[in-house]
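One structure is given below, encoded as structure tokens.
The values are calculated or read from the model by the stated rules, or taken from the named source; none is laboratory data. Treat the numbers as computed from the prediction; the structure is a model and nothing was measured. So basically every Cβ, Gly included, is an ideal-geometry build from the backbone, and we count neighbours across all protein chains shown.
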Amino acid sequence: MNAILLALIGMFIFFLGYRYYSKFVAERIYRLDPNFVTPANEFNDGVDFVPTNKWVLWGHHFTSVAGAAPIVGPAIAIYWGWLPAFVWVVLGTVFAAGVHDFGALALSVRHKGQSVGTLADKIIGQRAKILFLFIILILVLMVNAVFAWVISNLFIRFPASVLSVFIQIPLAIWIGYLVYRKKGGMLFPSLAALATMYIAAVTASRIPALQLDLPRYFGGEETIVAFGLNGVAFSFFVWITILMIYVYIASTLPVWKLLQPRDYINSHQLVVGLAILYLGLFFSNPAITAPATNSAATDMPWIPILFITIACGAISGFHGLVASGTSSKQLNREPEARLVGYGGAVGEGLLALASIIAVATLFGSQGDFLGAYDSFAAANAGGLGNFVQGAGELATGLLIPADIATTIVAVIVVSFAATTLDTSVRLMRYIIAELGKEYNVMPLTKTHVATTIAVVASAALVLLPEGPQGFGSGGYVLWPLFGTSNQLLAAITLLLITLWLKRQGRNYFVALVPMIFLLVMTLYAMARQILLEWSGFGGSDLNILLFGLGAVIFVFAFWILIEAIVAFGKRKPTLPKDKAM
Amino acid sequence: MKLKQLFQLYDQILKQAHRSEIARELRDEEDLFFLLLYSDMLGIPNPAFYYTLELYPHMLERFHEWHTRMGMDKSPLSGFRCC
């Protein structure tokens, strides 16, 4: 099949979803009212509550939710063939993610801009709020571990990208100084910084001396470097340690010094990345060489594992946090929630679609694909690297040499992953502090105590699982757990939306159906993974870490299901009926 | 839309991510500056009070904004007669 045709079909379905389904949901289900006074206007304080232009808010929402996750999941899930991944991304975006992101925004706007966590407390009860906090804690812990591994893996596989990524740090600090101490603009210095990074990427691609190839320095797999670790395992250990020290510093510094200018540069990279992928696709017109369905994929069933492998890109609970945490406080008019919430989900769907196409067109033949994706473990370990190479191949359509394009795409993906990692460590620090307040453990509320716990726990989690290259290389096995916790968070938000709609006497099936689907798939997937993969029974290897984490997530999923049934059966309304209808 | 407006829109989108956090930090700094200027009114001796008092007319509106933000409808300090 032709890749352009696949992209056009996906885009057309997204268009139909936005044009018709989101309109139906906006008018008939959420009943957005242009005369409703939004929290941004009601509580305008110039800081948190500020009425914002709808395009600015859409752009902000999209750049906040689009990261490395919608790229990684589809690049792994193509193991079952491109068709299941494509169908889940497209239908998931239209019927689940769109309704979820849009609903979280609408729900929060109708409740004074309160976050999903606070609303869980109000609508379901105190138990739900604590459950919610713990699920977020697990989610951010997974994010830290997985993305530290993702970045280390890319540094090891694409050493030419290291220089550009590390040059970005002093450049960002310089921009922060320029903007906030010298009162300059950020746009042009950040473009100059981006150009410098890409020049470094081009130079490093062609000059091996500029590539920081740690496994080569440490003698590769054959040499034992220290603590019984070979060159590759030791490289993982070194990169993960450096990354953890970096995130500690980055997440405790004032945001204007490093994070804001760095995120600003990275947002340019999102534009560059999408342009490379889609323009490259239309100019190079590659054929899809991956099979539509992979009959050789027998070691892991696509139902239910596909639905936890692709979380972001089809539906993600993290979006609900962004929608109800910041976007809802800045929405100028209620009908704009459709563009910001549903439109943001569509943007993320486009990124996931690009990831599927980049991997599906990478290989010379179906045999090559089957060789690279010969097991689910190989798909997990190599998926993202395949995306980087596939995107590099697409960029040749724009006359960029493949090796240079591959380095630039690796830089872009590492930057996305680093942004996610920074944000996640910062978020984990806040959650630990909040739990400290909740349970009156005051030391936990201190910045450095909370950050140390966050960083050490994340480092331990990423270093513990054993991968094919030994110590530190097994972070990818956490990916399904990350997907599961993300889906659980989305299920809670969908539950809240369902209860709100039920209270208003409206058709709540638009939220109920994806919620039940997510809960069933999550419970099924976790039960299967725990019993058949990690428990040690029936020929599986015992993995205490994964078994323990999986069991905790399974209990949480089951708990949510019970809470949902109880909350749904309650006769006494937990929410007042909206005034403006 | 003109090119300049397009650049401004793009710039705003990219700055939006940390806008609130930076606005909050700036507001905290301004509150601290306020305290340094008028600490004398709270009983904390300020040797420069004679000079800082000259800023009083410029700070009146900002002080009103501060006490309403802190949940006080009327001025808590008799020295400041903003409302």
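A few points about this structure:
- The listed residue being assigned to a helix (DSSP H, G or I), surrounded by 19 or more Cβ atoms within 10 Å (Cβ to Cβ) and more than 13 Å from chain B (Cβ to nearest Cβ), out of A:345, A:290, A:275: A:345
- The lone exception for residue A:255 - which of (1) in a loop (DSSP other than H, G, I, E, B); (2) modelled with pLDDT of 90 or more it fails: (2)
- Test: residue in region A:193-213 that is within 14 Å of chain B (Cβ to nearest Cβ) and either free of Cβ contacts under 8 Å to residues at least 12 places away in the same chain or at negative phi (or both): yes
- Residue count, region A:202-237 (criterion: among the charged types (D, E, K, R), modelled with pLDDT under 90 and farther than 18 Å from residue A:153 by Cα): 1
- Against the numbered list (1) within 29 Å of residue A:124 (Cα to Cα); (2) modelled with pLDDT of 90 or more; (3) crowded, with 16+ Cβ neighbours inside 10 Å; (4) of a type outside the set (Lys, Arg), residue A:458 comes up short only at (1).
- The listed residues are A:79, A:30, and the only one of them that is away from chain B (no Cβ under 14 Å), in contact with a Phe, Trp or Tyr (Cβ under 6 Å, 6 or more places away or on another chain) and farther than 21 Å from residue B:20 by Cα turns out to be A:79.
- Comparison of B:53, B:14, B:32 shows that the only residue that is modelled with pLDDT of 90 or more and either of a type in the set (A, V, I, L, M) or surrounded by fewer than 14 Cβ atoms within 10 Å (Cβ to Cβ) (or both) is B:32.
- Test: residue A:118 is under 23 Å from the mean Cα position of the chain (by Cα) and closer than 30 Å to residue A:360 by Cβ: no
Each row is one residue, and each column tells you yes or no for (1) within 13 Å of another protein chain (Cβ to nearest Cβ); (2) more than 27 Å from residue A:409 (Cβ to Cβ); (3) surrounded by fewer than 19 Cβ atoms within 10 Å (Cβ to Cβ).
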| residue | (1), (2), (3) |
| --- | --- |
| A:226 | no, yes, yes |
| A:231 | no, no, no |
| A:234 | no, no, no |
| A:245 | no, no, yes |
| A:254 | yes, yes, yes |
| A:258 | yes, no, no |
| A:261 | yes, no, no |
| A:264 | yes, no, no |
| A:268 | yes, no, no |
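- Residue under evaluation residue A:356, criteria (1) touching a helix residue (DSSP H, G or I) at 6+ places or on another chain (Cβ under 7 Å); (2) more than 15 Å from residue A:72 (Cβ to Cβ); (3) in a helix (DSSP H, G or I); (4) not aromatic (Phe, Trp, Tyr), criterion not met: (2)
- For region A:184-252, the helices (runs of 4 or more DSSP H) that sit wholly inside it and include 2 or more residues that are more than 22 Å from residue A:164 (Cβ to Cβ) are A:231-252.
- Any chance residue A:9 is of a type in the set (A, V, I, L, M), surrounded by 15 or more Cβ atoms within 10 Å (Cβ to Cβ) and away from chain B (no Cβ under 14 Å): no
- Total residues in region A:387-426, condition touching a residue at least 24 places away in the same chain (Cβ under 8 Å), surrounded by 24 or more Cβ atoms within 10 Å (Cβ to Cβ) and either aliphatic (A, V, I, L, M) or under 21 Å from residue A:360 (Cα atoms) (or both): 20
- Qualifying residue in region A:528-541 (condition: more than 22 Å from the chain's Cα centre (by Cα) and of a type in the set (S, T, N, Q)): yes
- Region A:293-335, subset hydroxyl-bearing (Ser, Thr, Tyr) and either in contact with a His (Cβ under 7 Å, 6 or more places away or on another chain) or surrounded by fewer than 24 Cβ atoms within 10 Å (Cβ to Cβ) (or both), residue modelled with the highest pLDDT: A:293
- Meets criteria (crowded, with 20+ Cβ neighbours inside 10 Å and not acidic (Asp, Glu)) for residue A:525: yes
- Check on residue A:113, within 14 Å of chain B (Cβ to nearest Cβ), more than 30 Å from residue A:366 (Cα to Cα) and buried (at least 22 other Cβ atoms within 10 Å of the Cβ): yes
- Number of residues in region A:17-39 that are touching a residue at least 40 places away in the same chain (Cβ under 8 Å) and part of a helix (DSSP H, G or I) equals 10.
- Hits in region A:197-224 - residues which are of a type in the set (A, V, I, L, M, F, W, C) and surrounded by fewer than 15 Cβ atoms within 10 Å (Cβ to Cβ): A:199, A:207, A:209, A:224
- Restricting region A:44-76 to residues that are touching a Phe, Trp or Tyr at 6+ places or on another chain (Cβ under 6 Å) and away from chain B (no Cβ under 11 Å), the residue that is nearest to residue A:109 (Cα to Cα): A:67
- Looking across region A:136-165 at every residue that is assigned to a helix (DSSP H, G or I) and either without any contact (Cβ under 8 Å) to a residue 12 or more places away in the chain or not hydrophobic (A, V, I, L, M, F, W, C) (or both), the one that is farthest from the other protein chains (Cβ to nearest Cβ) is identified as A:157.
- Exclusive hit being within 14 Å of chain A (Cβ to nearest Cβ), among the aromatic types (Phe, Trp, Tyr) and part of a helix (DSSP H, G or I), set B:38, B:10, B:50: B:10
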